[in-house]
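Please treat every number below as a calculation from the coordinates, not as lab data. Please read all numbers here as calculations on a predicted model, not as lab measurements. Here the Cβ is made from the backbone with ideal geometry for all residues, glycine too, and neighbour counts use every protein chain on show.
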Amino acid sequence: MTGLAASPAIQVQRSGRRQSLHVGEQSRLRRGRLVGAGSTRVMLPVLVLAAWQLASAYGLINPRTLESPLAVGQALIDLTRSGVLLDSLIASFNRAAAGLLLGGGLGLALGLVAGLSRAGERTYDALLQMLRMVPFLALIPLFVVWFGVGEEPKILLIALACVFPVYLNTFSGVRNVDPKLIEAAAVFGMTWPAIATRIVIPLAMPAILVGIRYAMGVALLSLVAAEQVNASSGIGYLALNPRAALRTDIILGVVLIYSVLGLAVDVLVRVIQHFALPWHRNLGGNAR
Amino acid sequence: MKHRFHDNAIEIRGASKNFGDRVIFTGLDLRLRRGEFVALLGASGSGKTTLLRMLLGLDCIDAGAGDVATPRSAVFQEPRLVPSQRVWRNVLMGVPASRQSKDRAMAALDEVGLNGHANAWPGTLSGGEAQRVALARALILEPALLVLDEPFAALDALTRLRMQDLVRRLHAKHQPGVLLVTHDVDEAVRLADRVLVLRDARLTLDLPVGDARDPARPPGVQLRARLYAELGVTHPSQPDEQPAGAVRIPEHESI
């Protein structure tokens, strides 16, 4: 390179050529990296599965401790064929939906009121912050005492767990709306109810949806806990079914279902976000 | 009280305002006729913003009497558009919903040259475009009083000049009483019929612009020099006009 530096004309030409080459190379690299990233992501899980399958096939793992991936797959197929899986999913979905609706609705209402009025915040924000810190699983025995072993304690437990993420995100979403915007709306003669419904709540919507996304995750989590208490249906019951006590294939199958459901919930909320908040999508660098 | 001063957009007598021990202004008289374009100059912290908030009904005076004509509207330094509403909806912020309201919004956007952006989201507009939407939103109400709170301060120099021309043109068309709050002496003289200076808690200067608009001719030079002196600034091109003991502060303050 030092030899080239003596001749600027050549250097310019060379650097020009280098640059154009570089652009082409870079875009190809970027594409390659995308593909590479995808395959790297999949590679490790596939390797682990393969190693697990091989170890099981050669008798290195006791099937009583851990069944092979193929056995887990077979168990899932059997559960699907017999209709047990679908019934369990429906039962669980109903509970999760009821709990989410109940708890999320309450959290939304409380968050909106506390966000819009100082009086609401003063009245119950401290109480909710205290309750939030209680690990809700600790309440299961209490819920059983209060509500028995039917559907109520399960749905209420899920509802309770869903209140807080929705409440907190709604509250902060409402409070984070630019006060200058509200001031402008007041100058232009908008009434308080109109400001709340047409400006504050729509602008708090992204935060509210984040809260709902968290709540959906929490609902799934509390579903597991709730359905392991005296349940006779649902995927949590499926995992804890006495007959499945020694069936690690079924237990692992249910774990797999949970992870797929978790992923599905996340994708669902992202899709909702995308379509419900068209203005939020292109709120790029020059956002005000 | 409301309809006694038909010709006045603002009529304030002896207004005072304190924040604790701090006197924002005291014994302030201000009259602004409909159709008149008045600029209010003052350094930061001189109470311009507080006065403005009172005119917009966001704050109240401690003493004195005042009457502000309605409808009134404002353009602020930031566009303050609602990001979740399309541009034409934003223009209708102060307009009661009706069947013709979208047509009205389109007409208002047409005036500021933005009817092509009616369905855009505010987040996709440039600073100048957003500010023009804010202007359309203010003018659609046919305000008796239009308050402009440093509306050009955040714009680049070229956009600012274009925006100033637009404001002058639309003022001539709609004839609202305009109170333009600004730091910029040149801007004030270019646009306003009358220039006020708020200093030491009162209006210390009230000068008609008249034939002094042209900065190259003697009346214009003199008026500017006087305003700069009143604001306590040494005007770069008028070093001899500086009164003794004037405090030097930056001509354009960062906001």
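In this structure, residue B:222 and residue B:44 have a Cβ-Cβ separation that, at R0 = 35 Å, corresponds to a calculated FRET efficiency of about 0.85. Rg and Dmax of the protein assembly as shown, both derived from C-alpha coordinates alone, stand at 33.7, 103 Å. Each residue, residue B:70 and residue A:267, gets one label point 7 Å from its Cα in the Cβ direction; the gap between the two is 5.4 nm. Candidates A:189, A:62, B:227 compared by Cα position along the dipole of the protein assembly as shown: farthest toward the positive end lies A:62, with charges placed on Cβ.
Panel order for A:90, A:158, by other beta carbons found within 10 Å of each beta carbon, from fewest to most: A:90, A:158. Remark: the residue A:39-residue A:133 segment gains 29.8 nm on full extension, using 0.36 nm per residue and subtracting the alpha carbon distance.
When the Cα atoms of the stretch B:67-208 are aligned to their principal axes, the ranges along those axes come out at 47, 34, 26 Å in descending order.
Applying 1/(1 + (r/R0)^6) with r as the Cβ-Cβ distance of residue A:123 and residue A:101 and R0 = 25 angstrom yields a FRET efficiency of 0.55.
Grab the beta carbon distance between residue A:176 and residue A:255, set R0 = 41 Å, and tell me the FRET efficiency rounded to 0.05. Approximately 0.65, to the nearest 0.05. What's the long-distance tail for chain B, i.e. % of Cα pairs beyond 23 Å? Roughly 53 percent, once rounded to a whole number. Projecting the Cα atoms of A:271, A:253, A:203 onto the charge dipole of the protein assembly as shown, computed from C-beta unit charges around the Cα centre, puts A:253 farthest toward the positive end. Residue order for B:170, A:256, fewest other beta carbons within 10 angstrom first, comes to A:256, B:170. Out of every Cα-Cα pair in the stretch B:142-187, what percent are more than 15 Å apart? I get 44 percent for the Cα pairs in the stretch B:142-187 exceeding 15 Å. Panel values: the stretch B:1-124, Kirkwood radius from alpha carbon pairs, Stokes-Einstein at 10 °C and 1.306 mPa s, translational diffusion coefficient 93 µm²/s. The listed peptides A:224-231, A:68-75, ordered by packing as a protection proxy, come out as A:224-231, A:68-75 (highest mean of other Cβ atoms within 10 Å first).
Each residue of the stretch B:59-66 is assigned a 3J(HN,Hα), and the resulting list reads 8, 10, 7, 7, 8, x, 10, x Hz, derived from the Karplus form 6.51 cos²θ - 1.76 cosθ + 1.60 (θ = phi - 60°), x at Gly and Pro.
Using just the C-alpha positions of the stretch A:90-185 as equal point scatterers, what log10 of I(q)/I(0) does the Debye formula give at each q in 0.12 1/Å? So the normalised log intensities work out to -0.46. Using just its DSSP H runs of length 4 or more, each adding -39500 (n - 2.57), the protein assembly as shown gives a mean residue ellipticity at 222 nm of -18000 deg cm²/dmol after division by all residues.
Between residue A:86 and residue A:49, the modelled labels are 2.4 nm apart [label points 7 Å from Cα along Cα→Cβ].
Sorted ascending by nearby beta carbons within 10 Å, beginning with the fewest, A:121, B:129 become A:121, B:129. Extending 7 Å from Cα along the Cβ direction at residue B:63 and again at residue A:192 yields two label points whose distance is 3.2 nm. With only Cα atoms counted, the stretch B:155-231 has Rg and Dmax values of 12.9, 36 Å.
Counting only Cα atoms, the size of the stretch A:185-254 along its three principal axes is 69, 20, 12 Å, in decreasing order.
At q = 0.21, 0.24, 0.29, 0.31 Å⁻¹ the log10 of I(q)/I(0) for the stretch B:86-127 amounts to -0.61, -0.77, -1.05, -1.14, computed by Debye summation with a single uniform scatterer per C-alpha, solvent ignored. For peptide A:181-194, the mean count of partner chain Cβ atoms within 10 Å of a residue's Cβ comes to 6.
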